[in-house]
Structures are given as C-alpha cells and as structure tokens.
1. Determine the pairs where a residue that is surrounded by 16 or more Cβ atoms within 10 Å (Cβ to Cβ), located within the stretch A:169-183, has a partner that is part of a loop (DSSP other than H, G, I, E, B) and acidic (Asp, Glu) with Cβ atoms under 6 Å apart, the partner being 6 or more residues away or on another chain.
2. Can you tell me which residue is nearest to B:ALA50 (Cα to Cα) among those in the stretch B:83-110 that are part of a loop (DSSP other than H, G, I, E, B) and within 7 Å of another protein chain (Cβ to nearest Cβ)?
3. Might you check whether a residue that is surrounded by 22 or more Cβ atoms within 10 Å (Cβ to Cβ), at pLDDT 95 or above and among the small types (Gly, Ala, Ser) occurs anywhere in the stretch A:145-157?
4. Go over the candidates A:GLU97, A:GLU78 one by one and state the one that is modelled with pLDDT under 90 and acidic (Asp, Glu).
5. Among (1) within 19 Å of B:VAL174 (Cβ to Cβ); (2) more than 8 Å from chain A (Cβ to nearest Cβ), where does B:HIS68 come up short?
6. Please list, ordered by first then second residue, the pairs with beta carbon atoms under 8 Å, 6 or more apart or interchain, first in the stretch A:116-134 and more than 7 Å from chain B (Cβ to nearest Cβ) and surrounded by fewer than 22 Cβ atoms within 10 Å (Cβ to Cβ), second of a type in the set (S, T, N, Q) and part of a helix (DSSP H, G or I).
7. Do we have any residue at all in the stretch B:59-81 that's touching a Ser or Thr at 6+ places or on another chain (Cβ under 8 Å), among the basic types (Lys, Arg) and surrounded by fewer than 17 Cβ atoms within 10 Å (Cβ to Cβ)?
Protein chains: 2
Amino acid sequence: MINYPNGSKNILIKNKTKTQKEDIVYKNRGMDFENDINLSLNYFAENNLALILKRTTPINVVRVDYSHGARIVDAYFEKQSTTDYNGVYRGKYIDFEAKNSKSKTSLPLHNITPHQINHLEKVIKHGGIAFFMISLESLDKVYLLDASFVISFYKSKERASIPVSEITRNGIEVEQGYMPRYQILKAIDEAYFHEKDI
Amino acid sequence: MINYPNGSKNILIKNKTKTQKEDIVYKNRGMDFENDINLSLNYFAENNLALILKRTTPINVVRVDYSHGARIVDAYFEKQSTTDYNGVYRGKYIDFEAKNSKSKTSLPLHNITPHQINHLEKVIKHGGIAFFMISLESLDKVYLLDASFVISFYKSKERASIPVSEITRNGIEVEQGYMPRYQILKAIDEAYFHEKDI
C-alpha cells in the first residue's frame, strides 16, 4: 500500500561539479513535484479524506492494429486542454493545475494555455474550487494560489509572469511533511472553508 | 459550433431482412447513446450551464519512438477504473457512468467493475453526486439512477442485473429532445436539488 519514494529528490550526486549537481537535481524537480502531489492524493484517497485524481494525459490515436486484439501502433501525446487534477472534497468540486518554477523571482505564465484559463473560468463560474499549486524551487516552498488571481495576471497582458512576492502574499503555503507529502487539504480548508489551525 | 448528428440513430436501412436491420441498428445504439451524452454535455458547457467532461480513455504506453518527436508506436487501451464522466454543476461534484441495455427486462451488471463501484462509493462518501445514466433501448427511454441504488444491487450477489421495473420506479426519466439531446441537468435538479417543473 505504502509506495513512498525513498527521498529521490535528495539523492546525493557524488563526483560532479557543483553546477552539474544542480543541473541534475533541478532537471527532476518538476517530475518530483508532480510525483509528490500524486502520492499525497493517493494518501487522501486511501484514508477516505478526499477523492482527487490526476487526469490521464490525452493521447491521439492514429492507427490501431486489430490482428492480435486492439494494439495501438501509431499515436501521439496531446496537450492537456483542461488541468492536471480534479475531484471531490467536502462535497465541492476541486480542480487544479500544478506548476513548478525554477526562477527565484517569478512564475512564468507562458506554459499555461488559453484553454486552461478558459476551463478554470468555467469551473469558477459553476461554483467549483479552482487553484494552482505552485512549487517555488529556490525557496523550497509550495503555495496554493486561487485560480482567479492567476487568471487576472494572465489577462493583464503586460505581465508574462507572477512575481514570487505576489505568490507568497496572496497564496497559502502548503505544509510539507512525510505522510502526506503535501497538506493540500489543510490549505484548501484555509483558503475555501475558512478554517485555520490555531 | 453546432455539430449535431443528423439523426444517425434512425437511419433507414433498406433491402435488408427485419433481423438484419435490427442487428445493424442495435450495433450502433451504445455508441449513439455515448455520442448523444457528449453532445448534451458540450451544449451545457457552451451555454455555461455546467462543466461535465468525458474522461479520456486510459492508454498504457509501451514504447515511444523519439526519432521524430515523441511518437507512440506500441500501446493498448486500458479499462476505465473510474467512470466515464465527471465535472461540476451548481458547485457540486458530479460523477456518472453511462450504460446501455439491449435487454427488454433488465440492465446486466456484469460490465460494471469493482473498481467503478469502489470509485462511486468514495464519491458519495465525499458528498459528490454519483449516478448512472441508463439507456433502455427497447423502451427508447433514458433514466438517471442514483449510484447508491446500483451499488446495493451490485452487492447483493444473488442478482446479476437490475430489472427494468426497478429502474423505472426508482430512477428519474431523462427527457429527450433536440438541444440538448438529453435534459441531464433537469434530471439532476429533480434528483439532487429537489426541483421539479410543474
């Protein structure tokens, strides 16, 4: 049941220059962030705390060979037109996108698509809870930032990124630990159900 | 925008015996049912009435050829371990599975998986709205049936199917029309928000 990674984020890479080490560690950070979110969500599902699942990456199937059952022999990955995650918590619809920022100063918005913005606007319109989970690598911190805040930045064309100072001021810090890796539900409680530990 | 099928369900097949005609018409009914649900959901999304989307069929990717970008050269379709559809309506999380029955007397349960039952139980536990949309071909009727009702049938091992009489008595009939093809939201209102047109 417990399938927790053995601290892969902190693997010590020996016999490399400092720059090489940083490169290797950084290269996997985005993947680690997603992996840690997935593990947190598994934990919530297994412990009946919430049911939030990662959406399957859409694949465009070009050709299927039916000679030995249905085998896909030509296909390609499509860009997600919605978000990475959705589900249910305390009766409410939850929808979020995870973004990792390597920058010390801001979260670039160039890899958020107009389709995703449109999707999140619709979620908000229908009363769902929509946010971004943002990993600020340089600070080793993770924030929950309401989607409406991100959307307004996205739409003010002058800015191609959200400054870190805005994220830390307007977001809610997601506590990090062991089980679950990220206290996502606690952050949702604080942001949307107005509950905060004393 | 409007991409409504030209009554493909009712295509008249000439120069065939009655049995042949029925075979051909029936073969496409399940697909038509899903297609009509998808069109109804598109209509709801475009008209800002709800945001309920079909889940992508999960595909297990075995081999990717990176010589010209990422091309999937070996993969296979996986069975959906959750349900076909989920989304948000009036702030609530919505989750449902579509089933088509060719039988005049019942809906067979053999193609509902334990994973799906488990998934729907979790949805209910977390306060989401969970149901089946059931097409009874022989009656040309569609019903919304609460998932908890289906789960209890599924779990009483003596029954491998739900009798049509139980579906019509305990379900809510989904009105059929042109735009949207299925009045799914109206049925949800009646079943879960206790609203009914007079």
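The values are calculated or read from the model by the stated rules, or taken from the named source; none is laboratory data. Since the structure is predicted, the reported quantities are computational estimates derived from the model, not experimental observations. A quick note on method: Cβ atoms are made from the backbone with ideal geometry, for glycine too, and the neighbour counts reach across all protein chains shown.
1. Note: pairs meeting the criteria are A:GLN183/A:GLU175.
2. We begin by selecting, within the stretch B:83-110, every residue part of a loop (DSSP other than H, G, I, E, B); these are B:83-84, B:90-91, B:102-105, B:109-110.
Cutting the leftovers down to within 7 Å of another protein chain (Cβ to nearest Cβ) gives us B:90-91.
Working: B:ARG90: 7, B:GLY91: 9 Å.
Per the criteria, the residue is B:ARG90.
3. Yes - at least one qualifying residue is present in the stretch A:145-157.
4. Working: A:GLU97 fails: modelled with pLDDT under 90.
Exactly one of A:GLU97, A:GLU78 is modelled with pLDDT under 90 and acidic (Asp, Glu), namely A:GLU78.
5. (1)
6. Pairs found: A:ILE124/A:SER148.
7. The initial filter retains those residues of the stretch B:59-81 that are touching a Ser or Thr at 6+ places or on another chain (Cβ under 8 Å), namely B:59, B:77-81.
Now narrow it down to the ones that are among the basic types (Lys, Arg): B:79.
From what's left, surrounded by fewer than 17 Cβ atoms within 10 Å (Cβ to Cβ): B:79.
Scanning the stretch B:59-81, I find at least one residue that is touching a Ser or Thr at 6+ places or on another chain (Cβ under 8 Å), among the basic types (Lys, Arg) and surrounded by fewer than 17 Cβ atoms within 10 Å (Cβ to Cβ), so the answer is yes.
So that you can scan it fast, the table gives a plain yes or no per residue for (1) of a type in the set (Ser, Thr, Tyr); (2) part of a loop (DSSP other than H, G, I, E, B); (3) out of contact with any helix residue (DSSP H, G or I) (no Cβ under 8 Å at 6 or more places or on another chain):
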site	(1), (2), (3)
A:ILE112	no, yes, no
A:GLN116	no, no, yes
A:HIS119	no, no, yes
A:LYS122	no, no, no
A:GLY127	no, yes, yes
A:MET133	no, no, no
